[in-house]
Each structure stands twice: as structure tokens, then as C-alpha cells.
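Rule-based calculations on the coordinates, nothing more; no lab input. The structure presented is a predicted model; accordingly, all values stated were derived computationally and were not measured. Positions of Cβ are backbone-derived with ideal geometry, glycine not excepted, and every protein chain shown enters the neighbour counts.
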Amino acid sequence: MTDKTIKTLASRRDVLASAGSLVGGGLIGGFGLLSTPVAQAQVQVQVQVQAQMQSQMRSQVQSQVQSTQADLNLAIRRIVGEATVKPGKVKLDVPPLSENGNSVSMSVSVDSPMTPADHVKAIHVLTDKNPQPYVIGVKIGPRAGRATISTRMRLSDTQNVIAIAEMSDGSFWSATETVIVTLGACLEDLS
Amino acid sequence: MASVLINVPAKAKRGEIITIKTLISHVMESGFRRSQLGVAIPRDIITSFVCNYNGEEIFQATLYPAIAANPFVAFDTIATESGTIAFTWRGDNGFSATDSANIIVV
């Protein structure tokens, strides 16, 4: 969206008042067919403004209920920093289909000897379409014996679940699984 | 006081890997829902869970609104010695709950 369109959204009255000057600026040059170009330009700007307001409202609603790929990437960057995340070593156990997104059992296990020299330091679970990407973050160590956790999570929609494991050597490994959710969380009736 | 369910084996062999399962009653209100009048319901979740084995921290989890109501967390640890395994949950609005289980290691 350009600065100009944002400004027009900011105050519709201003836009309508300045519509005449817009015609002068040649922005709507192709509308010379009608008798009063100024009136035509006003209608045109009004339609544009309405469409933009609607699309902005729609995107606001969407951003409220769904995080974006950018949010997920940012969340992953917050966890791993500049390191690269390689697929493998992590086993993410989720049902392929869940009828109720309010409680989806999930289990993560990481292939690691769990010795003081080579162990899993942390396990993170994220999703790509929940209102916020984080699900759980766990700190463990060689004391755990086995790098396995399980919990139950909420899923707002059919989406990918990503598990990331941080190793003691500073490397990151991940696994991704898709869960089909027939009835998402956040949508149940409140009574 | 939130009711808590904990599953820790009563007896274990030294060095054995045991699984600890915990469940605590909590609404885990995500903060993303609205009431029937359209008013946003404020977030009320458990944000952290810590497990100590004879005073040593062995497991720590950060929970987010995407954890289902009545959070269930299961994890593994090595049974090193007899003693107490203590659990602490903390959350929004000053929520705090503790519980513990005893284990005998032979």
C-alpha cells in the first residue's frame, strides 16, 4: 500500500474534499467521458476508499485470528538465532486428523544419546496458523535420560506443527507434520 | 487450589529412565476468544512449569495459549536416588500451584 492510499484511508472527508485537485494532478485521467469529471472523480475515489477500507478490515480480522508465515519465521529466528535448522533427528508424533482442535495430543522425541557431551538442551514446538506460533518450550538436559515430551495442544485450523530441538553442540534439528483439524479451537460456543 | 494429578512410579531401579506424567486443572483461557457480547476474554494461562528432583531442577517448560485446557505434560528422567520430586506451576493473575511425589530408588 502506498503512502497516498494510507493517507486517503486516514480521512475520507479530506479525500473527498481534495478529489478535485486529484483530477488536476491527472491521477484519474481516463475519465474524461462524463460531463463533470470532478463528480466522476469523487465517485471513483469513494469506491476506491470503500474497497480499501474493506480489504484492510478483512486483513485486520485475519491477522487477529491467524499468524502468518512471517510470524512463524520470526519465532523460529528468536529461538535459533542465526543457526540453520536441519530436518531430521526429531520425531514429532501427532494424529494425522483431529476432530477437535481444542485438545490434540502431541509427542516429540529426539534421537540423542543424552550424555553430558551430546544431549538435547531444548525442545520447541510451533504452529504456522494459530493466533500465535508458540506452543511449548522445554528445557531438558542429560539428566532426562531420554529426550521425550508429550502434551496436548490447541489447533485453530488445519496446519503444520513444527518441532525444533536444540542440541548441546549448538545445532538445531526439526520435524514438521500436518494435522487436519475438522473443528478448530477458538470457535466453540461460549455458554 | 487447582487439583493436580501426578503419575510417578513409586519404586524404580537406580539409573532407570522413568516417565513422569502431570495434569493440572486450569482453564488456560487463550485471550483470543470473545464472549457472546463480543468482549474479548482476557488471557489466563499457566506460563511455566518446573520439576525439581531432590532440589535439582530437571525439567522446565514454558507454556503458551496453544496448550489445551487442563495442561498435561509428560517427560522422562533418570531415577538417581530416593527422595522427593516437586512440581511447581505458575501463571497469569498470580496463579501458583505446587505438588510433590516420593520415589524409592533401589
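Could you line up A:THR182, B:THR77, B:THR88 from fewest to most neighbouring Cβ atoms inside 10 Å?
The order, fewest Cβ neighbours first, is A:THR182, B:THR88, B:THR77.
Please report how far the C-alpha centroid of segment B:37-106 lies from that of segment A:132-191, rounded to the nearest whole angstrom.
A separation of 17 Å, based on Cα centres.
Between A:GLU99 and B:ASP92, take the C-beta separation as r, use R0 = 30 Å, and let me know the FRET efficiency to the nearest 0.05.
According to the calculation, E is roughly 0.55.
Which of the peptides B:29-40, A:107-118 is most tightly packed, and how do the rest follow, judged by the mean count of other Cβ atoms within 10 Å per residue?
A:107-118, B:29-40
Can you work out the Karplus-derived ³J(HN,Hα) for every residue in segment A:148-162? Use 6.51 cos²θ - 1.76 cosθ + 1.60 with θ = phi - 60°, whole Hz, and x for glycine or proline.
9, 9, 9, 7, 10, 10, 9, 10, 7, 6, 4, 6, 8, 10, 10
Remind me, relative contact order of chain B in percent, using alpha carbon pairs under 8 angstrom and six or more residues apart?
33 percent
What does the average come to when, for each residue of peptide A:84-92, you count the partner chain Cβ atoms lying within 10 Å of its Cβ?
0
In peptide A:123-132, what is the residue-averaged number of other protein chain Cβ atoms found within 10 Å of each Cβ?
That average works out to 3.
Tally Lys/Arg at +1 and Asp/Glu at -1 over every other residue whose Cβ is under 11 Å from the Cβ of A:ILE162; what's the total?
Taking every other residue near A:ILE162 into account, the sum is -2.
Let me confirm one metric for peptide A:147-158, namely the mean number of other chain beta-carbon atoms within 10 Å of its residues' beta-carbons.
5
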